[in-house]
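The values are calculated or read from the model by the stated rules, or taken from the named source; none is laboratory data. These numbers come from a predicted model, not from an experiment. Reconstructed Cβ throughout: ideal geometry from the backbone, glycine too, with neighbour counts over all protein chains shown. Calculation scope for accessible area: heavy atoms of the full protein, side chains included, ligands and nucleic acids excluded. Shrake-Rupley method; radii C 1.70, N 1.55, O 1.52, S 1.80 Å.
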Amino acid sequence: MSHLKALKCRECGKEYPKEALHVCELCFGPLEVIYEYDQIKRVLTRDVIEKRPPNMWRYRELLPIEGDPSVGAQVGFTPLIKADNLAKELGVKELYIKNDAVNFPTLSFKDRVVSVAISRAREMGFDIIACASTGNLANSVAANAAACGMESFVFIPYDLEHTKILGTQIYGANVVGIKGTYDEVNRLCSEVAGKYGWAFVNINIRPYYAEGSKTFGYEIAEQLGWRVPKHIVVPMAGGSLITKIWKAFKEFHNLGLVKTLDTKVYGAQAAGCSPIVNAVKEGTELIRPVRPNTIAKSLAIGNPADGYYSVKTITGSGGWAENVTDEEIVSAMRLLAETEGVFAETAGGVTLGAAKKLIEQGRIPRDESIVVCVTGNGLKTQEALYGKLGEIDVINSRLAEFDDLVKANGKAYAVKA
Ligand SMILES: *Cc1c(COP(=O)(O)O)cnc(C)c1O
Ligand SMILES: [Zn+2]
């Protein structure tokens, strides 16, 4: 049974039927999904959730589809790692990495939003799935559309990482590279959606799509033993994920699934594209669009759709925001890999780099629980590391050459006689 109630304008509160709508016709505010929470409260207990299979659909009452998911049954329930080595390095007491670098099937958190969006699009009768993407959404739309036998159109800035382009083409998607920034891609896609009537997961069916991100937050709370962390650091592109993690914590609190809600939410962006961080630091809710220039291409949205709501989430929770240079991104990617064995993409470097700064600034205290959100896999953004890790040692397959190498590296190892 579905508990999906309606769509509601975030600004004026006008309700709309649960159809393919995304803006309010009265005030142009964005629409958001609302649920029958009284019904949900009666059926969704910790016990019920814990008995279900380990994937994001264990919270299905809080997701906006009416039947069973048509794709992505295995998405989610990624590891929450107690990162003790990294904690020691950063001088903090209790640190966790939520690791969506290993989300199924395309190794980023976008599989969460896409499985919801495609399932809902099919319920609403769409037969072509599309998106405007900075890379990970492209991978996920292409893969999940293929998995349920739908045609897909994926629009991206033409100069994305090669791995992200290949990782979209492989699924047989129609891939269109646009000579322009993501914001220009997005504008074109709004026109295509209007003319061709396709389901653009992050445009005309965005209210349903965005709800999938909540599962990232639900899982953190459940994996912490049904409590929320004191501090959470989240990467921001369009600014949807950060607002939905907050919504997830609030819903769990209102449903009685977690006792206290005292989380401070922190946003992270690259210095080469930080319109939301700038607004937080300047004490305004007004987003000044920027032209992106950063290696963190998955976060390179200069005019973020949910920028305003991200600022409100961050400041409303008592959190803060920080940005990092490309150099700091690479060094944070290395730090995470060397301490915890997790290879995150550039966005992960942004988030950890920002967390490190916030800790050093004293904004995040060292003795309280902290979650750092890793949202994508490093194998997809290898270009950012080309030439940054030095050359490997190459020798002939002779023991003497290996002995020389060990000597040259200046380290002594015990050997058998
Ligand atoms: C899309 C994306 C984000 C941020 O998503 P928004 O909801 O648009 O803020 C974060 N990390 C990665 C790796 C992404 O692909
Ligand atoms: Zn409105």
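Before moving on, here are some points about what is shown:
- Taking the listed residues V75, V113, the one that is more than 18 Å from V342 (Cβ to Cβ), more than 16 Å from ligand 2 (Cβ to nearest atom), touching an Asp or Glu at 6+ places or on another chain (Cβ under 6 Å) and β-branched (V, I, T) is V75, with no other qualifying.
- Reported count of residues in segment 120-143, each being closer than 18 Å to Y208 by Cβ, in a helix (DSSP H, G or I) and of a type outside the set (S, T, Y), is 6.
- For segment 61-81, taking the residues that are of a type in the set (V, I, T) and over 14 Å from I118 (Cβ atoms), the one that is least open to solvent (accessible area, probe 1.4 Å) is identified as T78.
- When the residues of segment 23-43 are filtered to those that are out of contact with any Gly (no Cβ under 8 Å at 6 or more places or on another chain) and either open to solvent by 70 Å² or more (accessible area, probe 1.4 Å) or over 27 Å from N202 (Cβ atoms) (or both), the one that is nearest to ligand 2 (Cβ to nearest atom) is L26.
- Here I364 does not fit the description of being outside any loop (DSSP other than H, G, I, E, B), among the aliphatic types (A, V, I, L, M), touching a helix residue (DSSP H, G or I) at 6+ places or on another chain (Cβ under 6 Å) and at pLDDT 95 or above.
- Residue among I129, I170, I118 that is farther than 29 Å from L4 by Cα, hydrophobic (A, V, I, L, M, F, W, C) and modelled with pLDDT of 95 or more: I170
- Taking the criterion of being of a type outside the set (K, R) and under 20 Å from A321 (Cβ atoms), the only residue of segment 249-260 that qualifies is F249.
- Among the candidates A146, A117, residue that is surrounded by fewer than 24 Cβ atoms within 10 Å (Cβ to Cβ), assigned by TED's automatic domain parsing to the domain that holds R60 and part of a helix (DSSP H, G or I): A146
- Long-range neighbours under 6 Å by Cβ, at least six apart or interchain, first residue within 11 Å of E32 (Cα to Cα) and within 16 Å of ligand 1 (Cβ to nearest atom) within segment 1-21, second open to solvent by less than 60 Å² (accessible area, probe 1.4 Å) and not hydrophobic (A, V, I, L, M, F, W, C): R10/G29; R10/P30; R10/E32
- Boolean, K93 is open to solvent by 70 Å² or more (accessible area, probe 1.4 Å), part of a strand (DSSP E or B), charged (D, E, K, R) and modelled with pLDDT of 95 or more: no
- Boolean, G362 is closer than 22 Å to E322 by Cβ and in contact (Cβ under 8 Å) with a residue 24 or more places away in the chain: no
- Set side by side, the residues A400, A354 differ, and just one is in the same structural domain as T260 (by TED's automatic domain parsing), out of contact with any Ser or Thr (no Cβ under 8 Å at 6 or more places or on another chain) and not in a loop (DSSP other than H, G, I, E, B), which is A354.
- Extreme residue, most open to solvent (accessible area, probe 1.4 Å), among residues of segment 1-14 that are under 19 Å from Y309 (Cα atoms) and more than 8 Å from ligand 2 (Cβ to nearest atom): K8
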